[in-house]
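One structure, as structure tokens, below. Some questions next.
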Amino acid sequence: MVVNTGLEGVVAASTRLSDVDGERGELVIAGFPIGELAEHATFEETTWLLWHGDLPSARELDTFRADLAAQRALPASTIALLRECAHGGVDPMDALRIAAGTISMTAGDARAIVARGPTIVAAFWRLRQGADPLAPRPDLGHAANYLYLLTGEAPDPERVRGMETYLNTVVDHGLNASTFTARVITSTGSDLVSAVVGAIGALKGPLHGGAPGPALDMVFEIGDASRAEEILRGKIERGEKLMGFGHRVYKVRDPRADVLAAAAERLFTRAGDMSLYRLARAVESTALRLLEEYKPGRRLQTNVEFYTALLLHGLGLDVPLFTPTFAIGRVSGWIAHAMEQARTNRIIRPQSEYAGPRGRTWVPLSSR
Ligand SMILES: CC(C)(COP(=O)(O)OP(=O)(O)OC[C@H]1O[C@@H](n2cnc3c(N)ncnc32)[C@H](O)[C@@H]1OP(=O)(O)O)[C@@H](O)C(=O)NCCC(=O)NCCS
């Protein structure tokens, strides 16, 4: 029996949704190179593309946008739960997971789940700051409404474009851990809310969606390019992983890093302060040189999380919002995979190799 730890190299699904080519550094979303889609599409268009296989017509898009906008509001019971979470100091991803579960109380369809993600995250965030949640604005698109709900200000078009680009860039990515989780849950015949709640749990981990916060913390800790080498060497020598580097599939640069780096550069240029952007670039090149020195042949490259941190910071988001914002983008991909799994379903049920003892005899409690 060959045990495939981490299921590396195992092909467990056939999909029309996305293709990750780790050797060429290419990501295709339903036929579109990621750069093409990320730059032009609204998040509503990308979501429709994944769910229907093609871009929406103008009429389909209008109806879809209106439909999503109409489903954004949360019931009072969910807000009350988020208030408890905020008072209790609950982690933002835990709060998202808890509140996402309540979608089953009133709806549970794909549109409601996507529509309510930003409302949940922003309501929790404002409650955590001691402010009241804002009512969603149906006149704004998905990305613009999210920024509005966080800040209370209608965002300018460049920030909206930055958020659309981010959400599109992370919407889907082959059989990553959270998407696989959603497919496993769906394969048992379970429901969409359960699949999404399970996927949120998988995304939370620092080896998956939890990396951008620590990646930005690392850049802040370094603070000045002249300290990058010393600090990064120390981390590698202590056996720490450099957050934002390395990937199971990409052995060349993650194409999403370039898309996000370009979007971040535009925002920082406009804001007139390039110092953090330049520092991040310097940290990246030092990290890549040191990873090659300490882990020769491992081909560790910059991944999506490194520039996620920079772009979301440029959009004015605080670190605890990074992973929940990733979830707001990835949820459309999770749902698309759940729908695809349900259409062609066979229960996902791998095997394990037993490595424990055999032949034991029962010991009564009094003799243990
Ligand atoms: C993404 C990740 C989980 C992939 O894991 P994986 O495919 O199991 O890769 P491995 O852990 O087998 O890594 C291979 C080798 O490179 C090392 N390595 C991998 N990523 C590293 C990193 N970011 N920093 C330092 N060393 C790293 C491993 O320690 C291992 O070294 P070894 O063979 O001497 O033990 C891993 O690269 C990582 O933890 N990266 C940091 C977290 C991150 O940015 N996650 C977001 C992913 S989009």
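Read-outs: derived from the displayed coordinates by stated rules, not from any lab. These numbers come from a predicted model, not from an experiment. Heads up, the Cβs are rebuilt from the backbone with ideal geometry, glycines too, and the neighbour counts pull from every protein chain shown.
Could you compute the net charge surrounding Val28? Neighbours are other residues with a C-beta less than 11 Å from the C-beta of Val28; K and R count +1, D and E count -1.
-3
Tell me, what is the FRET efficiency for Asp94 and Leu207 to the nearest 0.05, using R0 = 22 angstrom and their Cβ-Cβ distance as r?
For R0 = 22 Å, the calculated efficiency reads 0.80.
Taking a ≥ b ≥ c as the square roots of the Cα gyration tensor eigenvalues, with a/c under 1.5 meaning rounded and otherwise prolate when a/b beats b/c, else oblate, which class fits the stretch 138-252?
oblate
Rounded to the nearest 500 deg cm²/dmol, what is the calculated helix-only ellipticity per residue at 222 nm for the chain, with -39500 (n - 2.57) per DSSP H run of length n ≥ 4?
Result for the chain: -18000 deg cm²/dmol, rounded to the nearest 500.
Using a simple charge model, +1 on the beta-carbon of Lys and Arg, -1 on the beta-carbon of Asp and Glu, nothing else, what dipole does the stretch 259-328 show about its Cα centre, in debye to the nearest 20?
200
Using Cα-Cα distances under 8 Å and only pairs 6 or more residues apart, what relative contact order does the stretch 154-226 have, in percent? List each step's numbers first, then the result.
On the way: 30 pairs, mean separation 15.4, N = 73.
Reported as a whole number, the value is 21 percent.
Sorting His247, His87, His142 on the 10 Å Cβ count, fewest up front, what's the list?
Fewest-to-most ranking of His247, His87, His142: His87, His247, His142.
Please state the charge dipole magnitude for the stretch 190-344, taken about the Cα centre, from unit charges on C-beta atoms (+1 on K and R, -1 on D and E), reported in debye and rounded to the nearest 20.
420
For labels at Ser366 and Glu36 in the simple 7 Å Cα→Cβ model, what's the distance in nm?
So the label points at Ser366 and Glu36 sit 7.7 nm apart.
While we're here: Mind running the shape call on the stretch 207-300? Use the C-alpha gyration tensor, a ≥ b ≥ c as the square roots of the eigenvalues: rounded below 1.5 for a/c, prolate if a/b tops b/c, oblate otherwise.
Here the stretch 207-300 falls in the oblate category.
Sort Thr181, Thr5 so the one with the fewest other Cβ atoms within 10 Å of its own Cβ comes first.
Thr5, Thr181
Let me ask you something else. How far is the Cα center of the stretch 1-76 from the Cα center of the stretch 119-196, in Å?
14
Let me ask you something else. Which whole-Hz ³J(HN,Hα) couplings does the stretch 39-51 yield from phi under the Karplus relation 6.51 cos²θ - 1.76 cosθ + 1.60, θ = phi - 60°, glycine and proline marked x?
For the stretch 39-51, the Karplus curve yields 6, 9, 7, 7, 5, 5, 5, 5, 4, 4, 4, 5, 7 Hz.
Residue-wise, which Karplus ³J(HN,Hα) couplings in Hz belong to the stretch 310-323, taking 6.51 cos²θ - 1.76 cosθ + 1.60, θ = phi - 60°, and x for glycine or proline?
5, 5, 5, 4, x, 7, x, 8, 7, 3, x, 8, 4, 5
Using 7 Å Cα-to-Cβ label points, what is the Gln129/Ala58 separation (nm, one decimal)?
Reported label-point gap for Gln129 and Ala58 is 3.8 nm.
Right, next: On a full-extension model of 0.36 nm per residue, what is the gain between Val2 and Arg83, subtracting their alpha-carbon distance, rounded to one decimal in nm? Intermediate results must be reported in sequence, preceding the final value.
On the way: separation 81, 0.36 × 81 = 29.16 nm, distance 4.88 nm.
The Val2-Arg83 span can extend by a further 24.3 nm.
Also: Just flag the GluC sites (Glu not before Pro) in the stretch 1-105 sitting in loop per DSSP whose Cβ has no more than 15 other Cβ atoms within 10 Å.
Glu8, Glu23
Sticking with this one: Counting other beta carbons within 10 Å of each residue's own, what order do His337, His173 fall into, fewest first?
Taking fewest neighbouring Cβ atoms as first place, the list is His173, His337.
Short version: ³J(HN,Hα) in whole Hz for each residue of the stretch 84-90, in order, from phi by Karplus 6.51 cos²θ - 1.76 cosθ + 1.60 (θ = phi - 60°), x for Gly and Pro, what are they?
Calculated HN-Hα couplings, in order: 4, 4, 5, 5, x, x, 5 Hz.
Quick one: of the DSSP bridges fully inside the chain, what percent are antiparallel, nearest 5?
90
Can you tell me how much longer the chain between Lys241 and Asp139 gets when fully stretched, taken as 0.36 nm per residue apart minus their C-alpha distance, in nm with one decimal?
32.4 nm
Once the piece of chain linking Ser14 and Ala76 is laid out straight, how much longer is it, given 0.36 nm per residue of separation minus the C-alpha distance between them?
Once the chain is fully extended between Ser14 and Ala76, it gains 18.2 nm.
Another one. Skipping prolines and chain starts, which residues have an amide H placed within reach, meaning under 5 Å, of the one on Asp254, given they are 5 or more residues away or on another chain?
The list, which skips near neighbours in sequence, is Thr302.
Give the shape of the stretch 242-354 as rounded, prolate or oblate, defined through the alpha-carbon gyration tensor: a ≥ b ≥ c are the square roots of its eigenvalues, a/c under 1.5 means rounded, and otherwise the shape is prolate if a/b is larger than b/c and oblate if not. Write down the numbers at each step before the final one.
Numbers: a/c = 2.83, a/b = 1.41, b/c = 2.01.
It comes out oblate by the Cα gyration axes.
Let me ask something additional. By what distance, in whole Å, do the Cα atoms of the chain stretch along each of the three principal axes, largest value first?
67, 54, 46
Give me the one-decimal nm value for the distance between modelled label points at Thr269 and Asp109, 7 Å along each residue's Cα-to-Cβ direction.
4.3
Now, a different point. Taking the Cα centre of the chain as the origin and placing charges on Cβ (Lys, Arg +1; Asp, Glu -1), which of Pro364, Ala100, Gly223 is farthest toward the positive end of the dipole?
Pro364
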